[in-house]
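The values are calculated or read from the model by the stated rules, or taken from the named source; none is laboratory data. Quick caveat, the model's predicted, so the values are computed rather than measured. Methodologically, a virtual Cβ is constructed for each residue, glycine included, from the backbone with ideal geometry; neighbour enumeration extends over all protein chains shown.
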Amino acid sequence: MLEASLGLAQNHHHLTVFPVLAEEGGAFPYLLMADALATGVLTIQEVGDGQVPLLQARNRALDPILILDGEQLVGAKQNRMTNRTIILPPESVTRIPVSCMEQGRWHFVGDHFAAAPQHAPSKVRRKARETEARSAQLARAAEARGHRVTPSYTELAGAQGDVWSEIRGVSENLGNHSSTGALNSVFEDRRSEMDVWIRAFPLIPHQVGLLAFLGAKPLGMDALGGASHFATLHRRILTGYILDALDARSLDDADAPVQQSEAEKFIKDTRSANRTRSESVGSGEYRILDGSVLGGELVEEWHLVHLSAFPNLDGSRHEGEGITPPTPIARPSHRRRRF
C-alpha cells in the first residue's frame, strides 16, 4: 500500500506537474531496465526472426528487474515500446508485450536492444490502456453471464494501429521527417529544447511519482513504490509528458493554471476505477484500471510496484465493479493531499 500525497504544482508554459510524495516504505528490490541493459545482466532481443508484438527478455541477475510501461527500446529489427509494467524474475527468460515505434523499418541494426533516454508520450501509452480496458469490460460482461474470463496480455497487439497513428501525428506536428517514422527521432530533434523544460520540473525530496496536466486537462500519472527508483526514472518519465506539451503548442500559454482540486479529482477517480486482474507477465499481480481513468497497476505481495493512469477520453464509466483499490484517499491537509 502506498501512502502518498500531492506536492505543490510546478509549471512551465501550459504543462503543470504535481509531484507525488511518500515516505520511503519497505524494500523495493528491483533493478531498473535501463541500468540492467547497460551492465549486461539483461538482454532484450527479437523472438526468432522477429514478432512485432513480442520480445524476449533474459534476466541473468540474481535480482528481479523492473520494466515500466512506456519505456522505449531502440535497435534490433525496429524500435519498440513496452506496453505493460513487468517484473522479470531472477535468472529468467520472459516474452514481453511491446508495440512497434518505427513503422518504416524491419531489418536488423544489431542483435539486441538498448534503452532510449525517454518515455513515450502519454497519448501513445494510453492506447495500450484503452485496449486493456475494453478487454476488462468484456471479461466482466462474460462473468455476469456465468463465464470466467481473464484478460490476456496478447490482446495488447490490437493497439498497434492506434499507436502508429499517434506517432505520425506527433511527428507531423513537431516537423520531424524520419525516414522510418521512429518516435525516438522526434526526441533527438528536440533534445536541447526539452532540457529547458526539464529544468522547470525539479525532483523534490520523497517524490515517488508525478501527475501531469496540459492546460486544465490531465495527461496522466506515474507512481512507483520507491523514491530512490523514481529519482532514477524521473527525467525519463518526465520527457514523455514534455513531448505531449511540445505537441500541443497551439494552447494559449496564458490559460489559467490547473487548480489543485482538479489534481485531487484525478486521484479520486483513480481510486474509484475498476481493477480487473489480468494474465500475468513475469512476477506480481497486474490489474487493469478502467472507469473515469484508464491505467495499469502492478503489485507484488500487496505492495504497489508501479501505477500508471490516464484520462478516459471516450467518457465510458463503469466504477465500482472491480477489485477494491489498494490505496485509500484521506482528507486533504493544508499543504499536501494524501491518497
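Overview of results
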| read-out | value |
| --- | --- |
| Filter result (of a type in the set (S, T, N, Q), within 17 Å of the chain's Cα centre (by Cα) and over 16 Å from GLY110 (Cβ atoms)) within region 38-88 | THR82, ASN83, THR85 |
| Qualifying residue in region 314-331 (condition: modelled with pLDDT of 95 or more, touching a strand residue (DSSP E or B) at 6+ places or on another chain (Cβ under 6 Å), farther than 16 Å from LEU210 by Cβ and part of a loop (DSSP other than H, G, I, E, B)) | no |
| One residue from ALA36, ALA27, ALA4, ALA76 being in contact (Cβ under 8 Å) with a residue 24 or more places away in the chain, farther than 21 Å from LEU289 by Cβ and out of contact with any His (no Cβ under 7 Å at 6 or more places or on another chain) | ALA36 |
| Looking only at region 148-165, and only at residues there that are touching a helix residue (DSSP H, G or I) at 6+ places or on another chain (Cβ under 6 Å) and in contact (Cβ under 8 Å) with a residue 24 or more places away in the chain, the one that is farthest from PRO121 (Cα to Cα) | PRO151 |
| Some residue of region 262-274 being assigned to a strand (DSSP E or B) and buried (at least 20 other Cβ atoms within 10 Å of the Cβ) | yes |
| Filter pass, ARG199 being touching a strand residue (DSSP E or B) at 6+ places or on another chain (Cβ under 8 Å) and among the basic types (Lys, Arg) | no |
| Some residue of region 65-72 being touching a residue at least 40 places away in the same chain (Cβ under 8 Å) and surrounded by fewer than 22 Cβ atoms within 10 Å (Cβ to Cβ) | no |
| Residues within region 166-183 that are under 13 Å from GLY104 (Cα atoms), surrounded by 12 or more Cβ atoms within 10 Å (Cβ to Cβ) and among the polar types (S, T, N, Q), tallied | 2 |
| Contacts under 9 angstrom Cβ, first residue in region 85-106 being over 9 Å from SER283 (Cβ atoms), partner part of a loop (DSSP other than H, G, I, E, B) and among the hydroxyl-bearing types (Ser, Thr, Tyr), 6 or more apart | GLU102/SER178; GLU102/THR180; GLN103/THR180; GLY104/SER178; GLY104/SER179; GLY104/THR180; ARG105/SER179; ARG105/THR180 |
| Among the candidates ARG191, ARG125, ARG129, residue that is of a type outside the set (Gly, Ala, Ser) and surrounded by fewer than 17 Cβ atoms within 10 Å (Cβ to Cβ) | ARG191 |
| Count of region 294-310 residues which are in contact with a strand residue (DSSP E or B) (Cβ under 6 Å, 6 or more places away or on another chain) and without any contact (Cβ under 8 Å) to a residue 40 or more places away in the chain | 2 |
| Subset of region 10-53 [acidic (Asp, Glu) and either under 14 Å from LEU211 (Cα atoms) or outside any loop (DSSP other than H, G, I, E, B) (or both)] | ASP35, GLU46, ASP49 |
| Among (1) modelled with pLDDT of 90 or more; (2) part of a helix (DSSP H, G or I) - the single one PRO117 does not satisfy | (2) |
| All positions within region 54-68 that are in a strand (DSSP E or B) and within 23 Å of PHE28 (Cβ to Cβ) | ALA57, ARG58, ASN59, ILE65, LEU66, ILE67 |
| Looking only at region 84-114, and only at residues there that are of a type in the set (Ser, Thr, Tyr) and outside any loop (DSSP other than H, G, I, E, B), the one that is surrounded by the most Cβ atoms within 10 Å (Cβ to Cβ) | SER99 |
| Complete set of residues in region 47-61 that are in contact with a Leu (Cβ under 9 Å, 6 or more places away or on another chain) and farther than 11 Å from ALA76 by Cα | PRO53, ALA57, ARG58, ASN59, ARG60, ALA61 |
